[in-house]
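Worksheet: the structure to be examined is printed underneath.
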Amino acid sequence: NNVGFAPQNGSSAIQPASFSGSSDATLGRHLARRLVQIGVNDVFSVPGDFNLTLLDHLIAEPGLKNIGCCNELNAGYAADGYARARGVGACVVTFTVGGLSIINAIAGAYSESLPVICVVGGPNTNDYGTNRILHHTIGLSDFTQELRCFRTVTCYQAVVNHLEDAHEQIDRAISTALKESKPVYISISCNLPGIPHPTFSREPIPFVLSPKLSNKVGLDAAVEATTAFLHKAVKPVMIAGRKLRVAQACDAFVELADACGYPFAVMPSAKGLVPETHAHFIGTYWGAVSTTFCAEIVESADAYIFAGPNFNDYSSVGYSLLLKKEKAIIVQPDRVVVANGPAFGCVLMKDFLRALSKKLNRNTTAYENYHRIYVPNGMPLKCEPDEPLRVNILFQHIQNMISGNTAVIAETGDSWFNCQKLKLPEGCGYEFQMQYGSIGWSVGATLGYAQSAPEKRVIACIGDGSFQMTAQDVSTMLRCEHKTIIFLINNGGYTIEVEIHDGPYNVIKNWNYTGLVDAIHNGEGNCWTTKVQCENELIQAIEKAVGEKKDCLCFIEVIVHKDDTSKELLEWGSRVSAANS
Ligand code: TPP
């Protein structure tokens, strides 16, 4: 009813009369202090008039940096990449235009169980309860549209439009993100961040999240049932799934392998979570596109322990895995199912794996049997020096670049399959977004990961189609002085889609990618670009990237033939296609 008129209760009305606290006893500083406390030292943002004051208060906090991104989608992907390296990430955007732009990245973070704190500058407190129409909305006087969208991709939503409960709302949102390991949404009215309030007048006491506990009775019963089952097995095997990370059970998985002596594989999305240099490691289990012999070993085992698996149409290669539930122990973050029997609930994966490692007899024959299977390292046929470069040669060279001081980011596309075959040295990071598979993710994620883990040199493998989605934020990598190496694999199209179902829509417009990155560089920051078409040029480029240009962002465009795909993609594509039709 106040449409077009100044509010009768201006923003000063929300300031408590009795409190004239210090300038950092504010909501904005409280949020900033909380972020720093939980390990966030960088927020990825795009400013807008609803979040400007909030940003002022965030950057006033020592230990918190603002990383301005080119768009919200990339800011969200960057927070995702940051959370992968550090355990938590944060982003700040503006009401609705920013919020709806970042939502795809937040959905991706949800799918990967990453705690990302997504903060949105929201409407002025005085606008709530009126029927005013605000800019940046679709023109209705309903302020809940953005909130309703975020409900489906976050585990908690806080709309902070009162100072009285702001402290509680912010704390509850952040602690929920950490407890559930999922993104949360916090909307903060644009007129609140700078107003002092007594609730913010002390340094917040750090969160101490109460540890989750297993139900002892259930744990013992699950271990007993599993032990009885596994002691009957002759050829047991363990398979690591991606939920090992959220269950914080990577070490417990390896301890179990050490104790019981079983061989172990990884599901594709768990690559990087368990050491590939371990003597019991037998490769990636991905059905028909597994590491040589790995599928045969897993599928012919008489018992398999899947720890944290995520079975979907992609990881099951179009539902073609030859597994039997009666042979499986399925261990999820808080439950265990033995041989398709009743579930043991309230049993934490970490506790279960550790308890099991104390009970299981050592079965060395299982591992020794598999160890006898000798699989020579596949060496691609030698290229002639000036012959067009082949993808398998490219990845042979990338293999030689990786170490414990690097991290590989693999974009959706044929890079999934090519990077999956890399043998990761101890400590080498590895990230990809297999459940959600949103192309373009890797540009933002590379930015965020490199910002979070400056000690590692990030090597990103990105297809041309994916790069076209989010290329702008190479700009932010340059501003942040990252020394990332990007391999832009130019095969002229959406090749993974070609292998699922082809049509003219899978051909993309070729860009001058090095020219584009040079234009983004524009003389500011350290950037080196080159284009390679044969092995000799690639060798020279890599030598330069790891030598003379080691402190530089290096962008290497690799031209390959449009039909040069991995054999795994061909096999996987045809099976996924069959499942789709
Ligand atoms: N839009 C989004 C946001 N995500 C998607 N996964 C898709 C569309 C469908 N899609 C999956 S992979 C892909 C597309 C369009 C093509 C990737 O092409 P490119 O990056 O060039 O890699 P290549 O397959 O050629 O290795």
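Lysine pair count for region 317-464 with Cα-Cα distance under 27 Å and sequence separation of 8 or more or different chains is 17. Our coupling estimate for region 456-473, obtained by passing each phi through the Karplus curve with A = 6.51, B = -1.76, C = 1.60 and θ = phi - 60°, is 9, 8, 8, 10, 9, 10, 10, x, 4, x, 5, 4, 4, 6, 9, 3, 3, 7 Hz, Gly and Pro reported as x. Calculated mean residue ellipticity at 222 nm for the chain: -10500 deg cm²/dmol, from DSSP H runs with n ≥ 4 weighted as -39500 (n - 2.57), summed, divided by the residue count and rounded to 500. Summing Lys and Arg as +1 and Asp and Glu as -1 over all other residues whose Cβ lies under 12 Å from the Cβ of Gln468 gives a net charge of -1. Taking every alpha-carbon pair under 8 Å whose residues sit at least 6 apart, region 470-581 reaches a relative contact order of 41 percent. Principal-axis analysis of the Cα atoms of the chain puts helix 216-231 at an angle of about 20° to the longest axis.
Shown for region 62-115 is the translational diffusion coefficient from the Stokes-Einstein equation, using the Kirkwood radius over Cα pairs, a temperature of 10 °C and a viscosity of 1.306 mPa s: 141 µm²/s.
Residue separation of Met401 and Met379 scaled by 0.36 nm, minus their Cα-Cα distance, works out to 6.3 nm of gained length. Projecting each Cα onto the charge dipole of region 456-581 (Lys/Arg +1, Asp/Glu -1 at the beta carbon, about the Cα centre), which of Asn512, Ile500, Ser566 comes out farthest on the positive side? Projecting each Cα onto the dipole axis, the largest value belongs to Asn512. For region 228-317, the list of trypsin sites (Lys or Arg not before Pro) that fall in a loop by DSSP and count at most 11 other C-beta atoms within 10 angstrom reads Lys232. Region 187-254 and region 398-435 have their alpha-carbon centroids 26 Å apart.
The slack in the chain from Glu168 to Glu548, taken as 0.36 nm per residue of separation less the alpha-carbon distance, amounts to 131.6 nm.
When the charge dipole of the chain is built from unit charges on Cβ atoms (+1 for Lys and Arg, -1 for Asp and Glu) and taken about the Cα centre, the candidate among Thr137, Asn215, Ala249 whose Cα reaches farthest toward its positive end is Asn215. Once both labels are positioned 7 Å from their Cα atoms along Cα-to-Cβ, the gap between Cys346 and Asp49 label points is 5.4 nm. Here the Karplus relation 6.51 cos²θ - 1.76 cosθ + 1.60, evaluated at θ = phi - 60°, turns the backbone of region 80-88 into coupling constants of 5, x, 5, 5, 5, 7, 10, x, 7 Hz, with x for every Gly and Pro. The longest part of the chain holding none of the exposed loop chymotrypsin sites (Phe, Trp or Tyr not before Pro), meaning those outside H, G, I, E and B in DSSP with at most 12 other Cβ atoms within 10 Å, is 6-373. Amide H contacts of Ile329: Tyr304, Ile305, Phe306, Ala339, each under 5 Å away and 5 or more positions distant or on a separate chain (H built 1.01 Å from N in the peptide plane; Pro and chain starts excluded).
A simple spin-label model places pseudo-atoms 7 Å from Cα toward Cβ; at Thr292 and Asp258 they are separated by 3.1 nm. The angle between the Cα long axis of helix 535-546 and the longest principal axis of the Cα atoms of the chain comes to about 50 degrees, rounded to the nearest 10. Karplus-derived 3J(HN,Hα) values for region 311-320, using 6.51 cos²θ - 1.76 cosθ + 1.60 with θ = phi - 60°, are 8, 9, 4, 6, 6, 9, 6, x, 6, 10 Hz; glycine and proline are entered as x. Approximating the spin labels as points 7 Å out from Cα along Cα→Cβ, the Leu570-to-Lys358 distance works out to 5.2 nm. Note on region 432-581: dipole from Cβ charges, positive end direction compared against Gln435, Cys552, Asn536; the farthest Cα belongs to Cys552.
What length, rounded to one decimal in nm, is gained on full extension from Ser23 through to Ile59, with 0.36 nm per residue of separation minus their alpha-carbon distance?
11.6 nm is the gain from fully extending Ser23 to Ile59.
Among the GluC sites (Glu not before Pro) within region 442-501, those in coil by DSSP and having at most 10 neighbouring Cβ atoms inside 10 Å are Glu455. Give me the net charge for the shell around Phe95: Cβ to Cβ below 14 angstrom, other residues only, Lys and Arg +1, Asp and Glu -1. Net of charged neighbours comes to -3. Seen from Phe200, the other residues with C-beta closer than 15 Å to its C-beta sum to a net charge of -3, counting Lys and Arg as +1 and Asp and Glu as -1. Identify the residues of region 389-420 with backbone N under 19 Å of a label point that sits 7 angstrom from the Cα of Glu426 along the Cα-to-Cβ direction, or state none. It comes to 400-408, nothing else. Mind running the shape call on the chain? Use the C-alpha gyration tensor, a ≥ b ≥ c as the square roots of the eigenvalues: rounded below 1.5 for a/c, prolate if a/b tops b/c, oblate otherwise. Since a/c reaches 1.5 but b/c is at least a/b, the shape of the chain is classed as oblate. Under the convention that each Lys and Arg Cβ holds +1 and each Asp and Glu Cβ holds -1, the size of the dipole of the chain around its Cα centre is about 1540 debye.
Under 5 Å between amide hydrogens, built in the peptide plane, is the criterion, and for Gly429 it picks out Thr406, Ala407, Val408 among residues at least 5 positions away or on other chains.
Laboratory data are not the source of any read-out in this text; all were calculated from the coordinates shown. The structure presented is a predicted model; accordingly, all values stated were derived computationally and were not measured. Using ideal geometry, Cβ is built from the backbone for each residue, glycine included, and neighbour counts are taken over all protein chains shown.
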